[in-house]
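Some notes on the structure that comes next.
Rule-based calculations on the coordinates, nothing more; no lab input. Only a predicted model underlies this, so the values are computations on that prediction, with no experimental measurement involved. Positions of Cβ are backbone-derived with ideal geometry, glycine not excepted, and every protein chain shown enters the neighbour counts.
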């Protein structure tokens with residue numbers, strides 16, 4: 001939505017069939033719109049690991065931002081500070097694992113782009129909230145754009161499935177690759193989100209799986 005006011009209005013209107021437990025406004029103020037124990041309508045059709053219909057299994061946080069269709073902008077330091085405090089509180093209260101702090105694009109890569117490539121995932125890693133890889137951005141950038149074999153592409157996709165991403169139901173293999181790769185890039189390779197699997201993406205996925213002992 002283009003503004004806090006419009007976001008609050010839509011998230012509070014039952015007719016919109018869109019809601020979230022929390023909204024973080026432009027100035028960093030946190031609004032609790034739906035009790036944690038209630039199901040909010042923030043994820044829609046979604047998959048992660050062995051879970052589907054993620055509304056039933058998650059707490060939804062929306063951060064005020066015009067989004068990709070309305071001059072998508074950087075998140076403010078106040079917003080990220082408030083988000084960090086909220087995540088820390090929720091992790092402690094519900095014993096949430098690092099692997100379960102997710103973006104909407106992770107669980108619904110075909111329909112959703114948020115929080116997007118401007119969201120500071122690495123900041124959440126530095127605060128100990130999520131897992132990350134051990135590669136230096138400058139060193140692996142030289143592999144950007146280098147093509148892979150079909151076998152290497154398959155290894156990349158298998159790594160995504162190990163991490164938690166899921167194949168999109170009723171979608172062909174080619175489009176599945178694009179949607180999943182874009183979701184991965186928006187989180188781990190934000191400098192270029194093009195849906196193309198290259199050697200840089202493969203190396204990041206391998207490091208991520210190895211570093212965090214995914215099987």
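Distance between the C-alpha centres of region 140-193 and region 1-29: 31 Å, rounded to the whole angstrom. Once the chain from residue 84 to residue 29 is taken as fully extended at 0.36 nm per residue, the excess over their C-alpha distance is 18.6 nm. Three principal axis extents of region 63-134 based on alpha-carbon atoms, in descending order, are 35, 28, 27 Å. Between residue 13 and residue 144, the simple label model (points 7 Å from Cα in the Cβ direction) yields a spacing of 4.0 nm. Note on residue 57 and residue 95: their simple-model spin labels are 1.8 nm apart, each label 7 Å out from Cα toward Cβ. Extension gain for the segment residue 3 to residue 71, taken as residue separation times 0.36 nm less the Cα-Cα distance, is 23.3 nm to one decimal. Our compactness index for region 4-102, the C-alpha radius of gyration over the empirical 2.2 N^0.38 Å, is 1.08.
In whole Å and largest first, what semi-axes does the C-alpha gyration tensor of region 137-211 yield when each eigenvalue is scaled by 5 and square-rooted?
19, 13, 12
Angle of helix 77-94 to the longest C-alpha principal axis of the chain, folded into 0 to 90 degrees and rounded to 10: 90°.
Helix content alone sets the calculated 222 nm mean residue ellipticity of the chain: runs of n ≥ 4 DSSP H residues at -39500 (n - 2.57) each, divided across all residues, give -11500 deg cm²/dmol.
For the options 134, 29, 93, a Gaussian network treatment of the chain with springs between C-alpha atoms closer than 10 Å singles out 93 as fluctuating the most.
Entry note, region 1-160: relative contact order of 18 percent, from Cα contacts under 8 Å with a spacing of 6+ residues. With R₀ set to 41 Å, the beta-carbon distance separating residue 41 from residue 154 gives a calculated FRET efficiency near 0.70.
Starting from the Cα gyration tensor of region 1-53, take the square roots of the eigenvalues, sort them a ≥ b ≥ c, and report rounded, prolate or oblate (rounded when a/c is under 1.5, otherwise prolate if a/b is larger than b/c, else oblate).
Judged from the Cα gyration tensor, region 1-53 comes out prolate (a/c at least 1.5, a/b above b/c).
Diffusion coefficient of the chain by Stokes-Einstein, Kirkwood radius over Cα pairs, 20 °C, 1.002 mPa s: 119 µm²/s.
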